[in-house]
1. Suppose we take every Cα in region 62-118 and form the convex hull; what volume per residue is that in Å³?
2. I need the Debye-formula profile for region 46-187: one equal scatterer per C-alpha, no solvent, reported as log10 I(q)/I(0) at q = 0.08, 0.11, 0.15 1/Å, two decimals.
3. Report, in debye and to the nearest 20, how large the dipole of the chain comes out about its Cα centre when Lys and Arg carry +1 and Asp and Glu carry -1 on their Cβ.
4. For the chain, take every pair of Cα atoms, bin their distances at 5 Å starting from 0, and report each bin as a whole percent.
5. Quick one: putting +1 on the C-beta of Lys and Arg, -1 on the C-beta of Asp and Glu, what dipole do you get for region 121-244 around its Cα centre, in Debye to the nearest 20?
6. Provide Thr55, Thr139, Thr87, Thr185 in ascending order of the number of other Cβ atoms located within 10 Å of each residue's Cβ, fewest first.
7. Expressed as a fraction of 2.2 N^0.38 Å, the rule-of-thumb size for a compact globular protein of N residues, what is the C-alpha radius of gyration of region 129-233?
8. In the calculated pair distance distribution of region 54-95, what percentage of Cα-Cα distances lie above 12 Å?
Amino acid sequence: MNTPNHFDSIADVFNRIWYFSDNYKDFVLEHILHDLSLNSEDILVDIGGGTGTFTSRIMEKSLLQKAYCIEPSSPMCIEAAKLGNITALCLDAHAFLTTETPFNKLLLKEVIHHIDNRETFWHDIYNRLPIGGKLLIITRPQNIDFPFFQSAKTAFSKNQPPHEIFESELKNCGFFVETKYQNHTFTLPKESWYEMLRYRFMSDLCIFSDEEIEEGIQEIDNYYYEDILEIVDNLIFMSAEKKE
């Protein structure tokens with residue numbers, strides 16, 4: 001998983017800038033709990049879990065046996081390690097699978113496009129999971145409704161593989177796959193959104209210079225007149241189960 005060094009530099013502010021709404025977080029959390037069928041007997045691995053905030057909330061809600069936050073960025077992993085109810089490991093996705101850490105549920109939230117050599121990755125997961133083990137991918141379509149400037153939308157689309165590719169790869173490994181499409185609408189003050197853009201809260205924004213970000217913000221400002229933005233997030237929840 002090739003995580004840009006950029007995330008090392010924003011680890012200490014990530015939880016503050018990557019903020020949509022409490023309702024949004026609850027919306028995503030409920031899907032994770034349901035789609036992974038989480039219960040107190042499970043051991044969860046959150047691949048690319050960042051600062052561990054979602055890993056920790058999942059642990060609180062489902063009282064898991066154990067939860068791991070796997071994060072290749074050392075500063076992000078240090079933040080995750082501050083949370084007392086989860087275990088943070090500074091590893092990338094492939095390196096983690098070379099360990100002997102047991103697990104039966106696995107989460108890949110908004111990280112699947114960062115993982116290379118996916119066919120090997122899926123096979124390794126399939127071989128490690130027990131019968132009934134599950135993984136959940138949370139991703140987005142190539143065309144998003146975020147209030148991005150046009151070149152940012154283009155960059156996102158270029159970096160986001162069609163989700164049908166993931167479906168095909170998982171099925172070829174023997175997984176039973178189910179895909180659901182959900183959207184959630186929330187509001188943010190313009191200035192909060194602009195701060196997120198300036199910090200490049202998504203990896204697709206890292207290619208833009210400070211000047212290009214400011215030009216993009218002006219482009220958005222010329223299009224959206226209100227001080228409060230209504231933002232629609234279209235999400236894809238893809239669960240895969242090892243049946244036999």
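The numbers here are math on the coordinates, done by the rules we state, and not lab data. Computed from a prediction, not measured in an experiment: that's the story for all the values here. Note that we place each Cβ from the backbone using ideal geometry, even for glycine, and neighbour counts take in every protein chain shown.
1. Hull volume normalised by residue count: 101 Å³.
2. Cα-only, vacuum Debye calculation for region 46-187: -0.24, -0.46, -0.86.
3. 900
4. All Cα pairs considered, the percentages come to 1, 6, 13, 18, 20, 18, 12, 7, 3, 1, 0.
5. Roughly 900 debye, rounded to the nearest 20.
6. So the ranking, lowest neighbour count to highest, is Thr185, Thr87, Thr139, Thr55.
7. 1.33
8. Of all Cα-Cα pairs in region 54-95, 54 percent lie more than 12 Å apart.
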